[in-house]
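This report concerns only the one structure given below.
The values are calculated or read from the model by the stated rules, or taken from the named source; none is laboratory data. None of these values were measured; they are calculated from a predicted model. Here the Cβ positions follow ideal geometry from the backbone for every residue, glycine too, while neighbour counts run over all protein chains shown.
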Amino acid sequence: MEGMVAREYGYVALVLVLYCFLNFWMAARVGKARKKYQVFYPTLYASESENKNAKLFNCVQRGHQNSLEMMPIFFVLMIVGGLRHPCACASLGVLYVVSRFFYFKGYATGDPQKRLTIGKYGFLAILGLMVCTISFGVGLLRGGEPRTMF
């Protein structure tokens, strides 16, 4: 396997693991909110007619759920785009992880608008990762070397 990917691809792998730790942390926050707001499994979202704290719990749950929904996109773009642009993808990945942390923290306040204060920058990171992945695909189609450019 040595020589098949750039050495810097290790940064891509480390950023993916960093996101896994963030995901575990968010899941723990949801678990804590379940106890605090009395929302027990298998209930995914609290009903406002049955729980006065439903919105607060649902915002914590939704912050994590949205991060889970975006995770496959993030992972695929990181893994594929990082084959050609490992440093760029790792940098964009760190931006994405940090923005997701603030997205979750803002959402968990109970005011969904606060998720976008810093969390909105995650979309720029995804866009950058898409560009890196497109570059990888186009490079392969042109018969070029799929190795790192920067």
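Go through segment 1-56 and give me each residue that's closer than 30 Å to Ala125 by Cβ, surrounded by 11 or more Cβ atoms within 10 Å (Cβ to Cβ) and acidic (Asp, Glu).
We begin by selecting, within segment 1-56, every residue closer than 30 Å to Ala125 by Cβ; these are 1-34, 44-45, 55-56.
Still in the list and also surrounded by 11 or more Cβ atoms within 10 Å (Cβ to Cβ): 5-6, 8-16, 18-20, 22-23, 25-34, 45, 55-56.
Of everything in segment 1-56, just one residue is closer than 30 Å to Ala125 by Cβ, surrounded by 11 or more Cβ atoms within 10 Å (Cβ to Cβ) and acidic (Asp, Glu), namely Glu8.
Only one of Leu83, Leu127 is over 16 Å from Tyr19 (Cβ atoms), at pLDDT 95 or above, part of a loop (DSSP other than H, G, I, E, B) and not small (Gly, Ala, Ser); which? Full working, then the answer.
Working: Leu127 fails: part of a loop (DSSP other than H, G, I, E, B).
Selected residue: Leu83, the only one of Leu83, Leu127 that is over 16 Å from Tyr19 (Cβ atoms), at pLDDT 95 or above, part of a loop (DSSP other than H, G, I, E, B) and not small (Gly, Ala, Ser).
Considering every residue within segment 44-67, establish whether at least one is in a helix (DSSP H, G or I), within 21 Å of the chain's Cα centre (by Cα) and among the charged types (D, E, K, R).
Narrowing segment 44-67 to residues in a helix (DSSP H, G or I): 54-67.
Subsequent filtering for residues that are within 21 Å of the chain's Cα centre (by Cα) retains 57-67.
With the extra rule that they be among the charged types (D, E, K, R), the set shrinks to 62.
Checked segment 44-67: at least one residue is in a helix (DSSP H, G or I), within 21 Å of the chain's Cα centre (by Cα) and among the charged types (D, E, K, R).
This table checks each residue for (1) out of contact with any Phe, Trp or Tyr (no Cβ under 7 Å at 6 or more places or on another chain); (2) of a type in the set (S, T, N, Q); (3) part of a helix (DSSP H, G or I); (4) within 30 Å of Val138 (Cβ to Cβ).
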residue: Phe40; (1), (2), (3), (4): yes, no, no, no
residue: Pro72; (1), (2), (3), (4): yes, no, yes, yes
residue: Leu77; (1), (2), (3), (4): yes, no, yes, yes
residue: Val97; (1), (2), (3), (4): no, no, yes, yes
residue: Arg115; (1), (2), (3), (4): no, no, yes, no
